[in-house]
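One structure below.
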Amino acid sequence: RQITLAGELDAGLGWLERSTTLSPSFAQGLYARGWTDTLAGRGSEGRESVDSAMRLSPFDPLLYAMRATKALSYIVGSDDLSASHWAEQAARCPGAHPLIAMIAVGAHTLSGEVERATYWASNIRDRRPDLSRVHFFQAFPFADESIRARMDRALLQHGF
């Protein structure tokens, strides 16, 4: 996973595929694989992996991240209404950090739910007033420039 966190999505994916092939019930590996596929622009593959991770570990401490990955997978597939549903679920999970709330801002904006997006933008400013789009894209290095641009515009609309 460390390789993917450094932004080398395809290089890390081979290791994640190997780990989940060797241990198909490794929920964290499946989540990491789903996150990587999603950021690489393969939303349906990412959603399949993260759904498996959530089935295997429904009370996982990183459930917020799994749900956020599912939201991002829907953004990748341009299903913004589903994305907003899962982003809301992710942002409301225990332990969800402000970057997860930024996914909710983006997803709600893209789906036209401006009031919900404004709520999450205010929530972020209360918790981390310094948070910006730069932070978001460092944490979520989308390979597909068009997906990045959609999220960038959505976050920019709320002053990030």
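The values are calculated or read from the model by the stated rules, or taken from the named source; none is laboratory data. Note that this is a predicted model, so its numbers are computed, not measured. Heads up, the Cβs are rebuilt from the backbone with ideal geometry, glycines too, and the neighbour counts pull from every protein chain shown. With ligands, DNA and RNA removed, areas are computed over all heavy atoms of the protein, side chains included. Shrake-Rupley method; radii C 1.70, N 1.55, O 1.52, S 1.80 Å.
Determine whether A101 is over 23 Å from D10 (Cβ atoms) and either open to solvent by 10 Å² or more (accessible area, probe 1.4 Å) or touching a helix residue (DSSP H, G or I) at 6+ places or on another chain (Cβ under 7 Å) (or both).
Here the answer is yes, as A101 does meet what is asked.
Check whether at least one residue in the stretch 108-119 is of a type in the set (F, W, Y) and modelled with pLDDT of 95 or more, and report yes or no.
yes
If only one of S122, S111, S82, S146 is touching a residue at least 24 places away in the same chain (Cβ under 8 Å), of a type outside the set (A, V, I, L, M, F, W, C) and either out of contact with any strand residue (DSSP E or B) (no Cβ under 9 Å at 6 or more places or on another chain) or more than 19 Å from A40 (Cβ to Cβ) (or both), which one is it?
Just a single option satisfies the conditions, and that option is S111.
Specify the residue that is farthest from P24 (Cα to Cα); the eligible residues are those in the stretch 48-78 that are open to solvent by 60 Å² or more (accessible area, probe 1.4 Å) and part of a loop (DSSP other than H, G, I, E, B).
S78
Can you tell me how many residues within the stretch 28-47 are surrounded by fewer than 21 Cβ atoms within 10 Å (Cβ to Cβ) and either modelled with pLDDT under 70 or not in a loop (DSSP other than H, G, I, E, B) (or both)?
The qualifying residues number 3.
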